[in-house]
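The values are calculated or read from the model by the stated rules, or taken from the named source; none is laboratory data. Predicted model only: the values in this text are computed from it and were never measured. Every residue, glycine among them, receives a Cβ derived from its backbone with ideal geometry; neighbour counts consider all protein chains shown.
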Amino acid sequence: MVSRNSLKHPLLIAALALGALAAVPAHAAPEDAGNRSVIIARGSGEVRVRPDSVHIDVGTDAQAVTLDDAKSNVSAAMGKVLDALRALPGLTLETRTIRFSPVYSSAKEGRAPSIVGFTASNRVLVTAQNIPQADLAARAARIVDVALQSGANDVGGLDFFLADPSQAEDEALTLAVQSAASDAQTIAKAAGVSLAGLVWLEEGSAAHAPRSFSLEAAAAATPIAVGDISIESSVTAKYAFH
């Protein structure tokens, strides 16, 4: 049977399970693992693909003597950044954090530190999706440059990803099931037994490893290189044997 916990790719899991069953003797039929002796095999699969989208963190920071001035300064700075970014096509902008913190004086003998000012910060997540792969690096660099030139003083945390990773996830899952089947065959051969059918299959959690790096304030025409990202999948399978 296929575990009910594996609902992310139910049709693909079922097809792969039938394929695995076809690889064992014809008289073998899937049964509930129950009290049967089984071989447990774990498989993993990895697919490396070129991304088509990017997340970029853009921030502004300001410091002033009063909290109101710190708020006003950071809001004005981020307003200019957002106006400049909105002029670029196809971007999604999402405010992630707004933070205000007191600034304390240095401690002196017999005196506790006192508040001498305030800092304010505003962080926005900029997303560009479904960009032609050949244009992604240039688009990311353009976003970085526009943000910096319009007043952002904290730009970084670039994460490249796939807007629709479903095909790559299916490929990684297929490789994981094949890996588990191969390992089960190897275990059975080493133990001097024969596989009698797949009786249980569960998908593990899929893992996406985006290519990411951070940027400090830089000059115009920021050079950016885009590499492959990794999409991984894992399964646990139980095979009856005789």
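Can you go through SER121, SER72 and tell me which one is farther than 21 Å from ALA163 by Cβ and surrounded by fewer than 17 Cβ atoms within 10 Å (Cβ to Cβ)? Steps first, answer last, please.
Values: SER121 fails: surrounded by fewer than 17 Cβ atoms within 10 Å (Cβ to Cβ).
Answer to the selection: SER72.
In this structure, is ASP83 surrounded by fewer than 20 Cβ atoms within 10 Å (Cβ to Cβ), modelled with pLDDT of 95 or more, under 30 Å from LEU136 (Cβ atoms) and not assigned by TED's automatic domain parsing to the domain that holds ILE231? Break it down into steps so the answer makes sense when it comes.
Values: surrounded by fewer than 20 Cβ atoms within 10 Å (Cβ to Cβ): yes; modelled with pLDDT of 95 or more: yes; under 30 Å from LEU136 (Cβ atoms): yes; not assigned by TED's automatic domain parsing to the domain that holds ILE231: yes.
Considered against the rule, which asks whether it is surrounded by fewer than 20 Cβ atoms within 10 Å (Cβ to Cβ), modelled with pLDDT of 95 or more, under 30 Å from LEU136 (Cβ atoms) and not assigned by TED's automatic domain parsing to the domain that holds ILE231, ASP83 comes out as yes.
In summary, TYR104 fulfils each of the numbered conditions (1) over 34 Å from the mean Cα position of the chain (by Cα); (2) modelled with pLDDT of 95 or more with the single exception of condition (2).
Would you mind stating whether GLN133 is surrounded by fewer than 14 Cβ atoms within 10 Å (Cβ to Cβ), touching a helix residue (DSSP H, G or I) at 6+ places or on another chain (Cβ under 9 Å), within 29 Å of SER53 (Cβ to Cβ) and not basic (Lys, Arg)?
Numbers: surrounded by fewer than 14 Cβ atoms within 10 Å (Cβ to Cβ): yes; touching a helix residue (DSSP H, G or I) at 6+ places or on another chain (Cβ under 9 Å): no; within 29 Å of SER53 (Cβ to Cβ): yes; not basic (Lys, Arg): yes.
So GLN133 fails the test.
If I filter the range 140-150 for residues that are in contact with a Lys or Arg (Cβ under 9 Å, 6 or more places away or on another chain), farther than 29 Å from SER205 by Cα, polar (S, T, N, Q) and in the same structural domain as GLY90 (by TED's automatic domain parsing), do I get at least one hit? First the steps, then the outcome.
As a first pass, look at the range 140-150 and keep what is in contact with a Lys or Arg (Cβ under 9 Å, 6 or more places away or on another chain): 150.
After this cut, where a residue has to be farther than 29 Å from SER205 by Cα as well, the list is 150.
Going one step further and asking which of them are polar (S, T, N, Q), we end up with 150.
Pick out the ones that are also in the same structural domain as GLY90 (by TED's automatic domain parsing) and you get 150.
The answer is yes; a qualifying residue exists.
Put simply, of VAL177, VAL193 the only residue that is farther than 26 Å from GLU232 by Cβ and either under 19 Å from the mean Cα position of the chain (by Cα) or outside the structural domain of LEU85 (by TED's automatic domain parsing) (or both) is VAL193.
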